[in-house]
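Enquirer: Quick one: this structure, given as structure tokens, is what I'll be asking you about.
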Amino acid sequence: MKFTLSWLKEHLDTDADLKTITDKLTAIGLELEGVEDPGEKFAPFKVAYVESAEKHPDANKLKVCQVKTADGETLQVVCGAPNARTGMKGIFAPVGSYVPGTDLHLKKGKIRGQESNGMLVSEREMGLSDDHDGIIDLPEDTEIGTPFTKIFDMDDPIIEIGLTPNRADCTGIYGIARDLSAAGLSTLKPIDDTPVKGNGACPVEVDIQTPDTNPQFIGRMITGVKNGPSPEWLQKQLKAIGLRPISTLVDITNFFTHGYGRPLHVYDADKLKGNIHVRLAEKGESFDALNDKSYTMAGGETMICDDSGVLGLGGIVGGTSTGCEEDTVNVFVEAAYFDPMAIARTGRDLGVISDARYRFERGVDPDFTETGMELASKMIIDLCGGEASDLVIAGTKPDHMREIDFDPAFTKKLGGVDVDEAKQKQILEALGFIFNGSKVTPPSWRGDVDGKADLVEEIVRMHGYDNIEPVSVRSDGAITGSAETKLQLRTRLAKTALATRGLNECVTWSFMPKDLAGQFGSNDNALTLTNPISSELDQMRPSILPNLIQAAGKNADRGYPNAALFEVGPAFTSVKADGQQTVAAGIRHGAIASKHWSGETASREIDLMDIKADAIAALEAAGAPAGNLQVSRDAPDYYHPGRSGTLRLGKFVLAQFGDLHPAVLEDMDIKGPVAGFEVFLEAIPDAKKKGPAKPLLKLSAFQPVERDFAFIVDENVEAENIIRAAKGADKELITGVDVFDVYQGKGVDDGKKSVAINVIIQPKEQTMTDSEIDGLSQKIIASVTSKTGGQLRA
């Protein structure tokens, strides 16, 4: 929210200086974001005298001027303005100054061989207007050295504050002045809200069909107006806060929007067709808006219409069809109240950002609707002439009256400030609150005050945040938090889980040969070392697997085959800041041995399921929801394309696993089989907190029931889909589903396969009867059939 100091003082009777005012704004919660003092910004720009202006010897359109500056020295300036002449006075910009209109820092230089020191500026170069046909030409009696800001009356400081969404009352300068007055910074000037005497009934009637979104609509016809450029004082105020003056009628609406937080709209009455109707939009309706955009309605938006169709979006933006122009003679003025939620929803859905929307969606003062209309009517008549009709008032203003319990002790309890009860009442009354015994009614402009805590906030901010006694938050009995980060915890738990599964931890180099890195996902973005410790170790590893595979090969060469190794450490995927990730990787090489009760050792070659189990164990230990993991076939190409996969949650890949590609192993001179996995610890989502602790284990007293099913499915149907379909038949009773056989061959059609599953049914409350078990079996069969297209094998 921007405003000038002079505009603020139009409402606030105070002699306080700029610093006092800005300090008080921050103290009462209207945080100061910045102050722009044009006197400092434009200090280098002063009036200078052109002693001579001669034609440039090498350029027809340039002149070489001798300029007498404020310092009394004469400087040579090359100027291209057609109106540059001997004896004129203009605004001189010295070397080193910043010209805002052209975003230029002036330097001493030569133009077509002639030295130039600074420049004589135009209105566009100083941001005064779009005029750049010539330099600023001042009256002859203007004194040399007069500051630019004084000549153009631009020495008014501009203040900007940050408003929180609840402070709709301060979206107008009058509301800010009212808050400062309540804080003790002088007094608020009264508003002359004497009604304008109308000359008869308004010829335009208003019909509100949507009272929920537009409770009240006030209008008035003013005939015989003369539109055109607004007065200089009005243009100056609007320009100071970043608005472009358009015409007197439009500038008046902007004046009230920013001055009083009261958006208005003015229609060219001669362009209206019949009466005004406020209704909800139908899907597909469209109109051309005053912001040079066209909008098509989705349906349900609050529209302002006449008998011919849509005129604009109520409370957000008007349309071009009834816009005021220089030849406008008769106007219809609108002051309405719109529901904040409806405005916010429409503005968000259509992506319309406007000053009106900014205020209506926060909630304007419902009691100021008629007052705003009267004030605007006076201003239009004063500046544009004309005669006003009586008001046409449709609907009623929303009821804002509400009572809040006033508890003086609650201020100390909630705000930590001990404020005398009389002082609390004084603060609230100064802010416009009305007392009725132990009840308080907020003023109409404070729609955000709704409870006792809001009253405390008002008291505390007006009492002064600086007056709150600081209290240390230290406590000798506090328990310090863990120094272990989330990633460190996951790393430690993953290491423990993998060691428990019989893998041995390795610590290898974080770099490797470039050619080897290329086989494991390295590319042009790889992190290459400029000064490696060895010419063969010149690139940071994109994967830990190559180092583990090489370690397993060296062990095999020394008579220690059948390695099971893991490492948790960094992998480097690119040179970017996020190109490093922490990975828990592991491999199994050769055979896997298991002890037997007879004392003999049985062994078998490692397979895909061993390494998948390792990856799931690491994920589960690190906090991943193992039961929700999904398996897909998109592992990197250094894995075997038919015996590999990824473990993911939706689109997020948490791990990848599988047999290593035979071609990669051959290049590395490693005899297989080798299977590996990579778990991405930083990709694991944080666990959802479901309570203070896990519930105690509760075992069922009833015997579980097992049933086997075999389904004929297409050969490309994944077993996981069958498992999920079976579990989904009854998530309470079915506690386990496992695949124990996959068959293709005689008795099974080509392109099909038989998948047999074992289902464990665990009764909870009573032993299940045969009919109940049969019924659940039928549900399992139906679920698998519908979700996989399979059929129960005969």
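The values are calculated or read from the model by the stated rules, or taken from the named source; none is laboratory data. Here the structure is a predicted model, which is why all the values come from computation and not from measurement. Reconstructed Cβ throughout: ideal geometry from the backbone, glycine too, with neighbour counts over all protein chains shown. Note: accessible area is taken over every heavy atom of the protein model, side chains too, but ligands, DNA and RNA are not part of it. Shrake-Rupley method; radii C 1.70, N 1.55, O 1.52, S 1.80 Å.
Enquirer: Which one of these does His56 not meet: (1) open to solvent by less than 40 Å² (accessible area, probe 1.4 Å); (2) within 40 Å of the chain's Cα centre (by Cα); (3) farther than 28 Å from Leu428 by Cβ?
Expert: Result: His56 passes all but (2).
Enquirer: Something else: Mind telling me which of the residues Asp450, Asp466 ends up being surrounded by fewer than 16 Cβ atoms within 10 Å (Cβ to Cβ) and in a loop (DSSP other than H, G, I, E, B)?
Expert: Asp450
Enquirer: Mind checking which pairs have a first residue in region 350-378 that is without any contact (Cβ under 8 Å) to a residue 60 or more places away in the chain and a second that is surrounded by 23 or more Cβ atoms within 10 Å (Cβ to Cβ) and among the charged types (D, E, K, R), Cβ under 8 Å, 6 or more apart or different chains?
Expert: Listed pairs, sorted by first residue: Leu350/Glu301.
Enquirer: Something else: Give just the number: which of (1) open to solvent by 40 Å² or more (accessible area, probe 1.4 Å); (2) modelled with pLDDT of 95 or more does Val204 not satisfy?
Expert: Exception for Val204: condition (1).
Enquirer: Kindly provide the set of residues from region 516-536 that are surrounded by fewer than 12 Cβ atoms within 10 Å (Cβ to Cβ) and either hydrophobic (A, V, I, L, M, F, W, C) or part of a helix (DSSP H, G or I) (or both), ordered by number.
Expert: Ile533
Enquirer: Can I ask one more? Out of all the residues in region 471-493, is one or more touching a strand residue (DSSP E or B) at 6+ places or on another chain (Cβ under 8 Å), of a type outside the set (Gly, Ala, Ser) and loosely packed, with under 15 Cβ neighbours inside 10 Å?
Expert: yes
Enquirer: Shifting gears a bit: Under 25 Å from Gly372 (Cα atoms), of a type in the set (S, T, N, Q), touching a Gly at 6+ places or on another chain (Cβ under 8 Å) and touching a residue at least 12 places away in the same chain (Cβ under 8 Å): does that describe Asn291?
Expert: Spelling it out, it is not the case that Asn291 is under 25 Å from Gly372 (Cα atoms), of a type in the set (S, T, N, Q), touching a Gly at 6+ places or on another chain (Cβ under 8 Å) and touching a residue at least 12 places away in the same chain (Cβ under 8 Å).
Enquirer: So, of the residues in region 224-252 that are open to solvent by 20 Å² or more (accessible area, probe 1.4 Å) and outside any loop (DSSP other than H, G, I, E, B), which turns out to be modelled with the highest pLDDT?
Expert: The extreme case among them is Val250.
Enquirer: Considering region 617-655 alone, what residues qualify as being under 20 Å from Leu487 (Cβ atoms), in contact with a Phe, Trp or Tyr (Cβ under 9 Å, 6 or more places away or on another chain) and in contact (Cβ under 8 Å) with a residue 40 or more places away in the chain?
Expert: Within region 617-655, Ala618, Ala655 meet the criteria.
Enquirer: Starting from residues that are acidic (Asp, Glu) and out of contact with any strand residue (DSSP E or B) (no Cβ under 7 Å at 6 or more places or on another chain), keep the ones in region 38-76 and report whichever is modelled with the lowest pLDDT.
Expert: Glu40
Enquirer: Out of region 28-52, which residues are of a type in the set (Val, Ile, Thr), open to solvent by less than 30 Å² (accessible area, probe 1.4 Å) and in a strand (DSSP E or B)?
Expert: Once the filter is applied, which keeps residues that are of a type in the set (Val, Ile, Thr), open to solvent by less than 30 Å² (accessible area, probe 1.4 Å) and in a strand (DSSP E or B), region 28-52 yields Val47, Val50.
Enquirer: Please find, within region 542-582, the residue that is modelled with the lowest pLDDT out of those that are surrounded by fewer than 15 Cβ atoms within 10 Å (Cβ to Cβ) and under 17 Å from Gly672 (Cβ atoms).
Expert: Pro561
Enquirer: Select, from Asp686, Asp750, Asp738, Asp667, the only residue that is acidic (Asp, Glu), open to solvent by 50 Å² or more (accessible area, probe 1.4 Å) and over 28 Å from Ala615 (Cα atoms).
Expert: After applying the criteria, what remains is Asp750.
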